[in-house]
Amino acid sequence: MSDIVGNTAGEIWKYLDKNGATTIAKLTRETKIDEKNIQRGIGWLAQEGKVSLEIVNRAETISLT
């Protein structure tokens, strides 16, 4: 399981590095990674201090720190 979470975290980081800040919904749609694994990957990155989350226009937005 930790391999899946680590790989997902890597994919999220790559996506954000290329595309900039985005909503969680758009990230899930465009990466085609299931929402549970997206949330786990975000948790991994957040714990390491690599991403920040904020609410913008009632949408949860993620970006690299």
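The values are calculated or read from the model by the stated rules, or taken from the named source; none is laboratory data. It should be emphasised that the depicted structure is a prediction, and the values quoted were computed from it without experimental measurement. Positions of Cβ are backbone-derived with ideal geometry, glycine not excepted, and every protein chain shown enters the neighbour counts. The protein model used for the area step is the full one, side chains on, heavy atoms only, and it has no ligands, DNA or RNA in it. Shrake-Rupley method; radii C 1.70, N 1.55, O 1.52, S 1.80 Å.
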When residues of segment 43-65 are limited to those that are under 13 Å from Leu16 (Cα atoms) and assigned to a strand (DSSP E or B), the one most open to solvent (accessible area, probe 1.4 Å): Leu53
Ile24 vs. criteria touching a residue at least 40 places away in the same chain (Cβ under 8 Å), out of contact with any His (no Cβ under 9 Å at 6 or more places or on another chain) and open to solvent by less than 30 Å² (accessible area, probe 1.4 Å): no
Hey, Glu11 surrounded by 15 or more Cβ atoms within 10 Å (Cβ to Cβ), among the charged types (D, E, K, R) and out of contact with any strand residue (DSSP E or B) (no Cβ under 9 Å at 6 or more places or on another chain) or not: yes
First in segment 27-43 and within 12 Å of Ile62 (Cβ to Cβ), second anywhere and polar (S, T, N, Q) and assigned to a helix (DSSP H, G or I), Cβ under 8 Å, 6 or more apart: Ile38/Thr8; Ile38/Thr28; Ile38/Thr31; Gly41/Thr8
